[in-house]
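All remarks here apply to the structure that follows.
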Amino acid sequence: MTEEYIPFNYKKAEAIAKRTEEFYKGPSGKALIHIKYCRENGIKFNEIKPLNSYKFPEDRDAYLDLRAQNDYLYAQFHERFDDDYIPSTCPWYGIAEHTAFLGGEVDFAKDTSYNHQICKNSIEEYKNIKLDKENTWIKLVAGGIKYMSEKWGEYIPVRLRGADGPSDIANIIRGNELFYDIYDSPEELDGLMKFCADAVNFTLNLQRENATKINGGCINGFNTWMKGKCIGHISEDFSTMLSPELYKEYFLKHLEYCVKDGDSAMLHVHSVGHKMLPMFASIDKIKIFELSNDPNAMRAVDFYRTYQDVLRDKVVCVLPTFDELMKMDDLLKNGKTIVWFEAQNEEEAKRAIDFVSKYR
């Protein structure tokens, strides 16, 4: 690196991580705030070409350097905020990386990627899939984390990329055939789901090996510090297309199996799939929930408010607008909340911090 880069303030990061750990252990009625982004920042970011302009894996390092440089620039800007956020960087290739290490073709668009169905002919084809550390996509993600840590770790922490949950992986492996598998091949489905749960931990374990360690933990794929062997973030978006009864019968135990050996897990939940939340919350190891804002569905703050009793012993991450935040006293004083906030400018960011600080 050159002399123009300033080492990251790890002393501040350690203090934030310790404060976050105490928050996790502490009572309800407490909150943290993450200023995840400030739009008016005056930063001249590096231009990153559309994803489909790169040739991976050949362009991995040059592409990841640009991402790290941009995240470094924002981290330096973010130093002015007295919040609970630890800026970080990580490999990102769209969404396909969550499953492409298992096979299937990948298509890149300008700002995302798609992994096509892997087992098209029979559910039993999953038995031919190998969990291989030398897979190209493992090297792009876990290997990318190692590369970024070695080159950029002095200047910015490197976080996990995260993972799909077991049913989301199964949905990519089988596509829409998975709905038929529930009825036509329940025994084979059980084997597939166990394999998918193992695949989640396979990729997360490799990611954690080289991610930046802070206070005995690391920053997960959703920029949130977690202690020890964290499972996160993961998603079970496939569940939004099932009834709670079907999910409970065929998929819930595999989510439980997926997280059982972790110290804690973070689950990303869409508001359109709110009916699944009580079932997810019954799993003790899932300590943190991220409630997502979805089009044509209830806002995340209303999602939180609707299920506040269910979530009383959990940590909830939610992204409100400024106006929504100003009306969140009922949630902040009764729950354990991490407010994610994207500010328009510094003044709005500091007003948001001041509002949440009475619960910190």
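The values are calculated or read from the model by the stated rules, or taken from the named source; none is laboratory data. Since the structure is predicted, the reported quantities are computational estimates derived from the model, not experimental observations. We place every Cβ from the backbone using ideal geometry, glycine too, and count neighbours over all the protein chains shown. Side chains included, ligands, DNA and RNA excluded: accessible areas come from the protein's heavy atoms. Shrake-Rupley method; radii C 1.70, N 1.55, O 1.52, S 1.80 Å.
For this structure, a couple of remarks:
- Region 27-47, subset farther than 19 Å from Leu332 by Cα and surrounded by 14 or more Cβ atoms within 10 Å (Cβ to Cβ), residue nearest to the chain's Cα centre (by Cα): Tyr37
- Selected residue (criterion: farthest from the chain's Cα centre (by Cα)) from residues of region 1-11 that are open to solvent by less than 90 Å² (accessible area, probe 1.4 Å) and in contact (Cβ under 8 Å) with a residue 24 or more places away in the chain: Tyr5
- Residues being within 21 Å of Asp164 (Cα to Cα) and either without any contact (Cβ under 8 Å) to a residue 40 or more places away in the chain or over 18 Å from the mean Cα position of the chain (by Cα) (or both) - total across region 68-95: 1
- Count of residues meeting criterion [touching a residue at least 24 places away in the same chain (Cβ under 8 Å) and either more than 22 Å from Ala343 (Cα to Cα) or open to solvent by 40 Å² or more (accessible area, probe 1.4 Å) (or both)] in region 13-26: 8
- Subset of region 114-131 (residues that are open to solvent by 70 Å² or more (accessible area, probe 1.4 Å) and not basic (Lys, Arg)): Tyr114, His116, Asn121, Glu124, Asn128
- The requirement of being under 21 Å from Ala352 (Cα atoms) and either free of Cβ contacts under 8 Å to residues at least 24 places away in the same chain or among the aliphatic types (A, V, I, L, M) (or both) is satisfied by Leu319.
- Qualifying residue in region 135-149 (condition: open to solvent by 10 Å² or more (accessible area, probe 1.4 Å) and either under 15 Å from Leu246 (Cβ atoms) or acidic (Asp, Glu) (or both)): no
- For Gly217, the stated conditions do not hold, so it cannot be described as in contact with a strand residue (DSSP E or B) (Cβ under 9 Å, 6 or more places away or on another chain) and under 26 Å from Asn296 (Cβ atoms).
- Consider region 232-243 and keep the residues that are under 17 Å from Ala297 (Cβ atoms) and outside any strand (DSSP E or B). The one that is most open to solvent (accessible area, probe 1.4 Å) is Met241.
- Residues that are under 16 Å from Pro87 (Cα atoms) and part of a loop (DSSP other than H, G, I, E, B) within region 1-12 comprise Tyr5, Ile6, Pro7, Phe8, Asn9, listed in sequence order.
- Scan of region 57-66 for residues that are buried (at least 17 other Cβ atoms within 10 Å of the Cβ) and touching a residue at least 60 places away in the same chain (Cβ under 8 Å), ordered by number: Arg60, Leu64
- The criterion of at least 2 residues that are out of contact with any strand residue (DSSP E or B) (no Cβ under 9 Å at 6 or more places or on another chain) and under 18 Å from Phe222 (Cα atoms) is met by none of the strands (runs of 3 or more DSSP E) falling completely within region 13-128.
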